[in-house]
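The values are calculated or read from the model by the stated rules, or taken from the named source; none is laboratory data. Quick caveat: nothing in here was measured; it's all calculated off a predicted structure. Please note: Cβ atoms are built from the backbone with ideal geometry, for glycine as well, and neighbour counts cover all protein chains shown.
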Amino acid sequence: MTPNKLIAGFIFCLSLFTTILTQAQPINRQAVVLRHTIVNTRIDSLESLSVGNGKFAYTVDVTGLQTFPERYAKGVTLGTQSEWGWNRLKDTAGYKFEETLKEYTLNGKKSSYSVQFSEAGSRQRAASDWFRKSVHRIQLGNLGLDIYKKDGTLAKPVDLKNIRQTLNMWTGEIVSHFTVEENSVDVITVGHQDQDLVAFQIKSPLIAAGRLKLKLKYAYPTMEFLDEGVNYKDPQKHRSSITSQNESGAVIQHALEGITYSSIFKWSKGTAAATTTSHYYQITPDKSSQVFELSCLFSLQPVEAVTLPTFAQTRENSITGLKKFWMSGAAIDFAGSTDIRAKELERRVITSEYLTKIQCTGSFPPQETGLTYNSWFGKPHLEMHWWHGIHFALWNRPELLEKSLDWYFKVEEGAKEIAKRQGFKGARWQKMTDHEGLESPSSVGAFIIWQQPHPIYMAELLYRDENSKDVLEKYKDIVFQTAEFMASFPTYDSIKQRYNLGKGLIPAQEVFKAVDTYNPSYELAYWDWALRIAQKWRERLGMPPNSDWDAVINKLAPLPKQNGLYLSTENTPDSFTNEEWLRDHPSVLGTLGMVPAGAKLDKATMQRTFDTVWKVWQWDDTWGWDFPMTAMTAARLGKPEKAIDALFMNIKTNTYLKNGHNYQDGRLRIYLPGNGGVLATVAMLAGGWDGSSGPNPGFPKNGKWKVRSEGFKKMP
């Protein structure tokens, strides 16, 4: 061997040893998180920041409180929301849910579906609107500052100068600084990790001057698709009052038609009083100090103010709780990468971890706008639960997924009633629902089916984490009732001797008519996989296979294709020539990206389908999770560079704001399925998927990506 070859070999071995040594060293997680500390230096309605604990969240403007809710109403709204904060209107018209039902004859069988009736003024229209709106999530209250200028008028956004605000995601602390007429105001905001409580420390000479007060305003629900918490009309429709107070705290009660709750305050020293405006209260700090500390708990139950944790205790709780979160589960570090997108991907990962932790880890599936402001009346969509939840298990935090998966036990009976009403077995999981599992009328949602296999997928992730019989025993009924519906839903085609999905469904790509649609590719693949997993659960529990399930598995229709491409649905052979079918979610890619490659799937066909979708799809008409889904498909096809390209498509709905939120449009300024999608995809690229090998198998091996990862679980 020549000396040059010896030197080259030595350098290679040294490089390999260095790489192995680097991978073996734990990631400095605090350093990774802190390098993405968010800094605001201006008032921008899309840059508000939040603290929370997964079941309660509080979103602030640049003052560290909710001082200017109207200014932020059309941005990332200054919300205060909880998982328990739901109002229910009184039914004075005697509506019955049966009035929302419409009968369809599908595949020779009559079934009734809860839909939206369009005839204005009709009883059915009123009933369907009622059951969509009557139960709605509420904004618990606007808690902000009243800052008085020298002339006695209230400061406006334009009066704030020298703004600097930071969010330390490692500790959950928002630190805000600004001046008004050269008087400094400094605020630290923290959220309790175990209680629905937010706490503040405020320092300013304006306190001693009597020119800074806190305000609490209660808005009335809009009961519309959106509720940004600034509807101060109709004060006669709700009630509020100070029910008790002393110099160190107060209780203010708020009552609506269907909920009564309290805002419970503990402060260093001050007084509370109602203003001349209904539902508007001020807390005046004692003038003997320039520092005022306050804790506020929102609660359904009466609580003594004196028992609330102080600001210092809440701050310590936030620091401890957030550190525990960041030090648990998986982590990833892109430092040293030369691809200019690596730093931005790391930022999206860290902000998405924080946002989903504080917005999506309660006891119910979250709504798509989390605990910030209402979309769809504050109601979750169960087909989105996959995007909201599975990443927790892939990031080795299965307990955070388990909290919302357990909610299916609560709503199981309602899901069985839906299936029974429509002539099926098992449980048909609700699409658009509320915290109690009540079905909301929807002419689209009533026919969507891709939420159905989700509980099987999630339960399987929990089982794979532990390989525990305890998990099998706990979730077997959810898995089996899900599979019972799935096996009873397809229709047997005696001519082609197969089971068809549909007619009578709307796929994830929501542009198809229910009465015409059958055999969508993604749903077929997901159906096949989930039924097979349900049979595996029976095997693991020592039970024989279910013969009805096997009958469907063995004869389920093949994935529809034409001209060497998989079709969106079998009834649309012009899927790739008709522009009508080239918009909304390109869920045909989910056939592989979101579902493991099964016996039905041919990768060469999917490769051609992927290339075609990439070229012809109307990407401007897509949603935030479509880009992660596309990246997942690229990764499984062995195209890591394309996976990164998908994550960074220059499309408006793939925008990630400074605060980390996935922006869609003027209606949905935040969209948490996009954040969950980023986390699920990065987990897949780093941890791999069934059949992949080696570390970080989904990232490019072009020398531009330096990826250190630890703790990830493989995706099915």
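Observations
- Residue count, region 472-496 (criterion: among the hydroxyl-bearing types (S, T, Y), surrounded by fewer than 23 Cβ atoms within 10 Å (Cβ to Cβ) and not in a loop (DSSP other than H, G, I, E, B)): 3
- All strands (runs of 3 or more DSSP E) inside region 256-298 with 2 or more residues being among the polar types (S, T, N, Q): 260-267, 280-285
Conditions tested, residue by residue: (1) assigned to a helix (DSSP H, G or I); (2) of a type outside the set (S, T, Y); (3) more than 11 Å from the chain's Cα centre (by Cα).
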position	(1), (2), (3)
I350	yes, yes, yes
T356	yes, no, no
P366	no, yes, no
L401	yes, yes, yes
S404	yes, no, yes
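- The residues of region 699-716 that are buried (at least 24 other Cβ atoms within 10 Å of the Cβ) and either more than 20 Å from A24 (Cα to Cα) or free of Cβ contacts under 8 Å to residues at least 24 places away in the same chain (or both) amount to a single one, M715.
- Among the residues listed as A331, A335, A312, the single one being crowded, with 21+ Cβ neighbours inside 10 Å and either at pLDDT 95 or above or more than 30 Å from the chain's Cα centre (by Cα) (or both): A331
- Candidates S318, S289, S299, filtered to the one that is in contact with a Phe, Trp or Tyr (Cβ under 8 Å, 6 or more places away or on another chain) and polar (S, T, N, Q): S299
- Residue check, W429 in contact with a helix residue (DSSP H, G or I) (Cβ under 8 Å, 6 or more places away or on another chain), assigned to a loop (DSSP other than H, G, I, E, B) and within 22 Å of L524 (Cβ to Cβ): yes
This table checks each residue for (1) in contact with a Ser or Thr (Cβ under 9 Å, 6 or more places away or on another chain); (2) of a type in the set (S, T, N, Q).
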| position | (1), (2) |
| --- | --- |
| G321 | no, no |
| S328 | no, yes |
| D339 | no, no |
| T351 | no, yes |
| Q359 | yes, yes |
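- S575 fulfils the conditions (1) surrounded by fewer than 24 Cβ atoms within 10 Å (Cβ to Cβ); (2) at pLDDT below 95 except for a single criterion, (1).
- Residue that is nearest to the chain's Cα centre (by Cα), among those in region 534-564 that are crowded, with 18+ Cβ neighbours inside 10 Å and of a type in the set (A, V, I, L, M, F, W, C): A534
- The residues of region 497-511 that are in a loop (DSSP other than H, G, I, E, B), farther than 16 Å from G108 by Cβ, within 29 Å of the chain's Cα centre (by Cα) and not acidic (D, E), listed by number, are P507, A508, Q509, V511.
- Residue in region 545-604 that is farthest from K425 (Cα to Cα), counting only those that are touching a strand residue (DSSP E or B) at 6+ places or on another chain (Cβ under 7 Å), β-branched (V, I, T) and part of a helix (DSSP H, G or I): V588
- Residue within region 174-182 that is farther than 26 Å from I252 by Cα, under 32 Å from the mean Cα position of the chain (by Cα) and aliphatic (A, V, I, L, M) present: yes
- All positions within region 201-233 that are outside any strand (DSSP E or B) and of a type in the set (K, R): R211, K233
- Boolean, T612 is in contact (Cβ under 8 Å) with a residue 40 or more places away in the chain, in contact with a strand residue (DSSP E or B) (Cβ under 8 Å, 6 or more places away or on another chain) and closer than 19 Å to I644 by Cα: yes
- From the options S440, S468, residue that is at pLDDT below 95, of a type outside the set (D, E) and either under 22 Å from the mean Cα position of the chain (by Cα) or surrounded by fewer than 19 Cβ atoms within 10 Å (Cβ to Cβ) (or both): S468
- Taken as a whole, region 653-664 holds no residue that is β-branched (V, I, T), over 28 Å from R608 (Cα atoms), surrounded by fewer than 24 Cβ atoms within 10 Å (Cβ to Cβ) and touching an Asp or Glu at 6+ places or on another chain (Cβ under 9 Å).
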